[in-house]
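S.K.: Right, I'll just put the structure down here and ask away after.
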Amino acid sequence: MATVKLSNLKKSFGKTDVIHGVDIDISDGEFIVIVGPSGCGKSTLLRMVAGLETVTSGEVQINGAGVNEMEPMDRNIAMVFQNYALYPHMKVFDNMAYGLKIAKTPKAEIAERVQSAAKLLQLEEYLMRKPRELSGGQRQRVAMGRAIVRKPDVFLFDEPLSNLDAKLRVQMRLEIKQLQRSLGVTSLYVTHDQVEAMTLADRMIVMNGGIADQIGAPLEVYANPQTEFVAGFIGSPATNFLPAALVSGAPAGTTVGVRPEHATLTTPDHGLVEGQVSYSEALGSETLVHLRLSSDAAFTVRQNGMEPAPEEGHACGVLWNSSDQMHFGADGRRIATP
Amino acid sequence: MEKRVTFKGWLLPICLLLPQVIVTAVFFFYPAGQAVWQSLFIPDPFGLKSQFVGLGNFEFLLGDPYYRAAFTTTAVFSILVTVASLGMALFLAVLADRLIKGSGVYRTLLIWPYAVAPAVAGVLWLFMFNTRVGVVSWYLGILGYDWNHVLNEAEAMGLVVAASSWGRVSYNFLFFLAGLQAIPKSVIEAAAIDGARFWTRFRTIVFPLLSPTTFFLLVVNIVYAFFETFGVIHTITSGGPQQATTILVYKVFADGFVGQDLGSSAAQSVILLVVVGLLTVIQFKFIERRVHY
Amino acid sequence: MAGREQHGMVQKRGVGHWFTHLGLIIGVLIIFFPIWLAFVASTVTQPEIVHPPMPLWPGDQFFNNYRDALVSGVNAPVAKMLLNSFVMAMGIALGKILISLLSAFAIVYFRFPGRKVFFWLIFLTLMLPVEVRIVPTYEVVAGFGMLNSYSGLIFPLIASATATFLFRQFFMTVPDELAEAARVDGARPMRFFWDILLPMSRTNIAALFVILFIYGWNQYLWPLLITTDPSMNTIVMGIKQMFPSGDDIADWPVIMATSILAMLPPIIVVISMQKLFIRGLVDSEK
């Protein structure tokens, strides 16, 4: 059970700054997802918490104590790696028990803790196998088991699901969430997948170029993105962005953002903007209508799958509520709508 | 290429390196430095003092007809060994590659000689061609050919070449077979459908695709012929007759240990060092090229 | 048509097929003949050899000749020479593997001042065979009083970096995450080395062992220089010492029995560990 606090955490490799100062207070049992595109520094941030990367400046605190100079093992954390990092020459049991053995835990206790973790993860019948004899999902579970048996203060997950196929990913996502709920262990989880972030997080940190653009609960971030980047990254299909000049009433020099699900099609000359349908994707429950606006900008509208989709080349207008319209300044920051 | 993760500290890694550093410094760098140093001196006849002669030893060597003869001998010897062992190995590998089943059996049968030391190979071939008891020389006598490698320079060279190539066939065979088996069968099938017969296919498709392996083996075999054949020469001919089989490495040994001419021997070592250096550079250039290939 | 191409290969059938086998069998026979002849010579009597032509089929003196060789030999019992060769080959193989594992681990998994320099110094030694520096190396070994000793036989031959280089290449392919996982699990560097890296290197170590054992066993020039005492001769160099210097006739059956004994251990190693051996060979040349 632990709290984690990052204070103005920075990291540079030589002269290149990769993390520009991240602050967050994580309360006990909270599930934090760090999400962003590749190269945004999210893994580096996690690895600094783990103690696998040195901290350039700022501080990592676990349970109120600074841990910057501590070795990973002394921080009482456990980590699940992207490629699982199972020791290939050890059986599943030994993989899970390795950390306990090093900590000189009594044999009986090791056996008991590994057994109960295996039971929790439905791995009991695989304990005597080598990792190469397991499927991807099973390996994933072993990696989780290795983290669980150590009863750590903090779980760290580094894109743990990215090597699984789509179906298994959805299933494991659910399992991870349930496991974290039942164990109540504070967790940091890195992913580039915004759906994973939305579904797992109590709060998420959206990273962009080494900066934490926004920290907040998933729905709050979705509903109220603080930067143009966050608005574009969270939510699928992505937010439409238009120059203010195209939208009447928008403050000059800003960028206007409208989510596809907030826009509706209407007859020509009745919309806030006008365009032609370039193509439609019918996904069943919904249909994505891609438009080419008269200004040559692209625009996507999401409509209910039951509604008839307009034909290609069809001219139409697009409407939305002014309350759904977002404005971003030249620096990408959100400007409060007057 | 660098590892992302590393452990902290400098004392432990230094301790880990220490055994290798000590062994290498004492038994490698110091002697190699000594070789260079000694090559600049001539010891006086009593071995008490040395006289600095600069590059005198090298100048003397390059003007010395015996040394130049050893250079020519080494060139002839290594070309013959390389061609003979590569040719035989390629022939056998091409045959083995044509088999779907059983190439593994032949491979097992053919890799034995790799394990036989060059010096032992020398003894085996000496025994076959011994002028008094040799089986092969006796049968050659029956056929009217009077074999005597102790007196005949060409026969002596032929014998050391045969003995040196013999053990090498296994090694080259393994690499050629691996190279041949790595050529995609579809390429050869395509050529066959185009109407190319076996020999044409080999000349125009297989051999060019095999050229990286061949080039690699060429360099490795030249290095082998230069240095590792000492045992063969020493057991069969001791460099004779009339120095006809004295290759460079043998001369370093003969001048340094038998003749006790340390300055000259050291200078010869340095020249060999340059030769190995060149061969290594060639090999690395080639490996680089192969990566891009 | 489909039936003819079912193996997906362009293949000679019928007569051509048998010619292929014939060619290979002739090749195998040529390769084998010298070994066979040595074996035959080691099973017959001296008079049978010195009155040519010698027989081409084994005789009945197998036990006598091998016993003579092993127990008394010519200058020293061959059993002792076998022991010397074994100690030398094992010493070179194990010694080189040990120091190379440690230094490759240091170079790959640590950052410390001078690391690059160490790497290049070690890399330099790849290029120079012992033959090139024999005279000064001999002086060093003589200076340490290591002539006629096992350490004198072993140390100069482990002073090269081929194995270090190979292990470095292998360690570079070990995923970074394994070292990280071990650190998170609380493993200190040597624990990681011992528990994770070493077991993962098993096949590489074994393959290298095969190559180095043969390399050590087959050394000739170096033992020739530094073992003046016949009881310290290795078997490979000892054979040449068995030939009489004058016009006397060599004791061929014993010499040939010794030759067979000299090739037996490396042949056994090569044949029994064929897969590892081929892998080691290919690895060590790349």
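S.K.: For the pair B:ILE79/A:GLN178, report the inter-label distance in nm, with labels modelled 7 Å from Cα in the Cβ direction.
M.R.: 7.8 nm
S.K.: Here's another thing I want to ask about it. Counting only other chains, and only Cβ atoms inside 10 Å, what mean value do you get across the residues of C:39-52?
M.R.: 2
S.K.: Any idea what angle helix C:115-124 forms with the longest principal axis of chain C, computed on alpha-carbon atoms, 0 to 90 degrees, nearest 10?
M.R.: Once rounded, one gets 20 degrees.
S.K.: With a 10 Å radius around each residue's Cβ, average the other Cβ atoms per peptide and rank B:64-70, A:84-90, highest first.
M.R.: Put in order of decreasing packing, that is A:84-90, B:64-70.
S.K.: Enter the Cα centre distance for the pair segment C:20-87 and segment B:126-147, rounded to the nearest angstrom.
M.R.: 18 Å
S.K.: With N denoting the number of residues in segment C:15-71, provide Rg(C-alpha) divided by 2.2 N^0.38 Å, to two decimal places.
M.R.: 1.54
S.K.: Which one of C:TRP222, C:LEU166, C:VAL44 is farthest out on the positive end of the charge dipole of the protein assembly as shown, using unit charges on Cβ (Lys, Arg +1; Asp, Glu -1) and the Cα centre as origin?
M.R.: The listed residue farthest towards the positive side: C:VAL44.
S.K.: If the only charges are +1 at each Lys and Arg Cβ and -1 at each Asp and Glu Cβ, what is the size of the charge dipole of segment B:4-160 around the Cα centre, to the nearest 20 debye?
M.R.: Numbers: 8 positive and 7 negative charges, 175 e Å.
Dipole size: approximately 840 debye.
S.K.: Using the structure shown, list the pairs from B:LYS285/C:LYS275; A:LYS15/B:LYS3; A:LYS11/A:LYS167; A:LYS177/B:LYS8; A:LYS101/A:LYS151 with a Cα-Cα distance above 25 Å, or answer none.
M.R.: Result: B:LYS285/C:LYS275; A:LYS11/A:LYS167; A:LYS177/B:LYS8 exceed 25 Å.
S.K.: Can I ask one more? Under the 0.36 nm per residue contour assumption, what length would be gained going from the current alpha-carbon distance of C:MET190 and C:LEU83 to full extension? Before the final figure, lay out the partial values.
M.R.: Values: separation 107, 0.36 × 107 = 38.52 nm, distance 3.41 nm.
Length gained, C:MET190 through C:LEU83: 35.1 nm.
S.K.: I want the local charge near C:ILE49. Using Cβ-Cβ distances under 15 Å, sum +1 for each Lys or Arg and -1 for each Asp or Glu among the other residues. Spell out each step's value before the answer.
M.R.: Numbers: positive: B:ARG132; negative: C:GLU48, C:ASP60, C:ASP68, C:ASP248, C:ASP251.
Charge balance in the 15 Å sphere: -4.
S.K.: Moving on. Once you average over the residues of C:109-118, how many Cβ atoms of partner chains fall within 10 Å of each Cβ?
M.R.: On the way: counts 7, 11, 8, 10, 2, 4, 4, 0, 0, 6.
Average per residue, whole number: 5.
S.K.: Sticking with this one: Okay, which of segment C:228-264 sit inside 18 Å, backbone N to the point 7 Å along the Cα-Cβ direction of C:ILE271?
M.R.: C:257-264
S.K.: Percent of Cα-Cα pairs more than 44 Å apart in the protein assembly as shown, please.
M.R.: 51 percent
S.K.: Moving on. Could you list C:TRP120, C:TRP217 so that the one with the fewest beta carbons within 10 Å of its beta carbon is first and the one with the most is last?
M.R.: C:TRP120, C:TRP217
S.K.: What list of ³J(HN,Hα) values in whole Hz, one per residue of segment A:166-173 in order, does the Karplus curve 6.51 cos²θ - 1.76 cosθ + 1.60 (θ = phi - 60°) give from phi, with Gly and Pro shown as x?
M.R.: Couplings: 4, 5, 5, 4, 5, 5, 5, 4 Hz.
S.K.: Enumerate the amide H contacts of A:GLU286 below 5 Å, restricted to partners 5 or more residues apart or on another chain; note that Pro and chain-start residues carry no placed amide H.
M.R.: It is A:GLY305, by chain and number.
S.K.: To continue, here is another question. Whole Å is fine, so just give me how far the alpha carbon centre of segment A:66-92 lies from that of segment C:148-208.
M.R.: Going from one Cα centre to the other spans 22 Å.
S.K.: Sticking with this structure for a sec: If amide hydrogens are placed 1.01 Å from N in the peptide plane, which non-local residues have theirs closer than 5 Å to the one on C:GLY59?
M.R.: Under 5 Å from the amide H of C:GLY59: C:THR43, C:VAL44.
S.K.: Quick one: what do you get for segment B:99-165 if you divide its Cα Rg by 2.2 N^0.38 Å?
M.R.: So the Cα radius of gyration is 1.41 times the expected 2.2 N^0.38 Å.
S.K.: How would B:VAL105, C:VAL108, B:VAL220 line up from fewest to most surrounding beta-carbon atoms within 10 angstrom?
M.R.: Sorted ascending by nearby Cβ count, the order is B:VAL105, B:VAL220, C:VAL108.
S.K.: Oh, and also: Which whole-Hz couplings ³J(HN,Hα) result when phi for each residue of segment B:206-222 is put into the Karplus expression 6.51 cos²θ - 1.76 cosθ + 1.60, θ = phi - 60°, listed in order with x for Gly and Pro?
M.R.: 5, 4, x, 5, 8, 4, x, 4, 4, 5, 4, 5, 4, 5, 4, 6, 5
S.K.: Using alpha-carbon positions, what is the distance between the centroids of segment A:217-251 and segment A:119-139, in Å?
M.R.: One Cα centre to the other: 44 Å.
S.K.: Can you find, among B:GLY195, B:ILE14, B:PHE257, the residue sitting farthest towards the positive end of the charge dipole of chain B, where Lys and Arg contribute +1 and Asp and Glu -1 at Cβ?
M.R.: Value computed over the given set: B:GLY195.
S.K.: Which residue fluctuates the most in chain C, going by a Gaussian network model with Cα springs under 10 Å, if the choices are C:MET190, C:MET146, C:MET90?
M.R.: Looking only at C:MET190, C:MET146, C:MET90, the largest GNM fluctuation is found for C:MET190.
S.K.: Compute the orientation-averaged projected area for segment A:22-158 from the convex hull of its Cα atoms and round it to one decimal in nm².
M.R.: 9.2 nm²
S.K.: Normalised radius of gyration for segment C:42-129, please: alpha carbon Rg relative to 2.2 N^0.38 Å, two decimal places.
M.R.: Values: Rg = 24.1 Å, N = 88, 2.2 N^0.38 = 12.1 Å.
Against the compact-globule rule of thumb, the ratio is 2.00.
S.K.: Same structure again: If I take the Cα coordinates of segment B:69-292 and project them onto the principal axes, what are the three extents in Å, biggest first?
M.R.: 64, 48, 27
S.K.: From the Cα gyration tensor of chain C, with a ≥ b ≥ c the square roots of its eigenvalues, which class applies: rounded if a/c is under 1.5, or else prolate if a/b is larger than b/c, or else oblate?
M.R.: oblate
S.K.: Jot down the radius of gyration and Dmax of chain A, Cα atoms only, both in angstrom.
M.R.: 23.7, 78
S.K.: Between A:LEU319 and A:THR199, how high is the FRET efficiency from 1/(1 + (r/R0)^6) when r is the Cβ-Cβ distance and R₀ = 35 Å? Nearest 0.05.
M.R.: Efficiency computed from Cβ-Cβ geometry: 0.70.
S.K.: When ranked by the protection proxy of mean other Cβ atoms within 10 Å per residue, highest first, what sequence do the peptides A:67-77, A:190-200, A:322-332 form?
M.R.: Order by mean packing, descending: A:190-200, A:67-77, A:322-332.
S.K.: Something else now. Would you mind ranking A:MET204, B:MET157 by Cβ crowding within 10 Å, fewest neighbours first?
M.R.: In increasing order of surrounding Cβ atoms, one gets B:MET157, A:MET204.
Each reported figure results from applying straightforward, stated rules to the coordinates on display, with no laboratory input. All of these numbers come straight from a predicted model, not from anything done at the bench. Don't worry about glycine lacking a Cβ; one is built from the backbone with ideal geometry, like all the others, and counts go over all protein chains shown.
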